[in-house]
1. HN-Hα J couplings of segment 98-107 from phi, Karplus 6.51/-1.76/1.60, θ = phi - 60°, integer Hz, Gly and Pro as x?
2. For the chain, with the dipole built from +1 on Lys and Arg beta-carbon atoms and -1 on Asp and Glu ones, taken about the Cα centre, which of 104, 126, 19 lies farthest toward the positive end?
3. For the chain, modelled as a Gaussian network with Cα springs under 10 Å, which listed residue fluctuates most, 34, 105, 58?
4. Rounded, prolate or oblate for segment 59-114? Axes are the square roots of the Cα gyration tensor eigenvalues, ordered a ≥ b ≥ c, and the cut-off for rounded is a/c under 1.5.
5. Specify which labelled value, from [x] 168; [y] 123; [z] 96, agrees with volume of the Cα convex hull per residue in Å³ derived from the coordinates of the model shown.
6. What dipole magnitude, in Debye to the nearest 20, does the chain give about its Cα centre under +1 on Lys/Arg Cβ and -1 on Asp/Glu Cβ?
7. Starting from the Cα of residue 81, step 7 Å along the direction of its Cβ; do the same at residue 69; then give the gap between the two resulting points in nm.
8. Can you list residues whose amide H is under 5 Å from residue 131's amide H, if they're 5+ apart or on another chain and H is modeled 1.01 Å from N?
Amino acid sequence: MKKSFLLTSLFILWGIAAGMVSPVQTAVNAQVRTAVNSPLIASLISFLTGTVLLVLATLIADHRLNFGLRLIPHSRWWIWIGGPLGVIFVTANILLLPELGAALTVVSIVCGQMAAALAVDHFGWFGVPRHPVNWQRIAGMALMVAGIVLIQQF
């Protein structure tokens, strides 16, 4: 069943709001890097404070921290790589911001996210419903690359 326009719009607004957190997180984490003189320790601090918040939120919402460990050997291997992928993402942001600035860091990362998202959609990787690449999606990607060039030049 197709979601309503209003519900889809609310989800898009939620996505935009979540996206607005990224440059703030990147700038804050870059300052942590300067304070502790290490991008890896800054990333560790980011994940540690995030983990504390997640523990509290989980205890409030789910009233538990456990899950069925029996599912581990029966799961696909790739469902366990979200944390390590997050480390790559956060650490890359910390390293790139001082070199590129906030705008170019964010737009280059968003462009990489879009390229990967197009592939995930097109091939239906990781259990995602397939959405084949078409000329409109390729045009959108090309406009993002043009945006990177414009931001870099000006």
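Values quoted throughout were computed directly from the atomic coordinates according to the rules given, and no laboratory measurement underlies them. Worth saying up front: this structure is predicted, and the values here are computed from it rather than measured. As a convention, Cβ positions derive from the backbone with ideal geometry for all residues, glycine included, and neighbour counts pool all protein chains shown.
1. These are the phi-based 3J(HN,Hα) values: x, 7, 10, x, 5, 5, 5, 4, 5, 5 Hz.
2. After comparing all options, I get 126.
3. Comparing 34, 105, 58 in the GNM, the peak value goes to 58.
4. On the way: a/c = 3.47, a/b = 2.17, b/c = 1.60.
Prolate.
5. [x]
6. The calculated dipole for the chain is roughly 440 debye.
7. Reported label-point gap for residue 81 and residue 69 is 2.5 nm.
8. 122, 124
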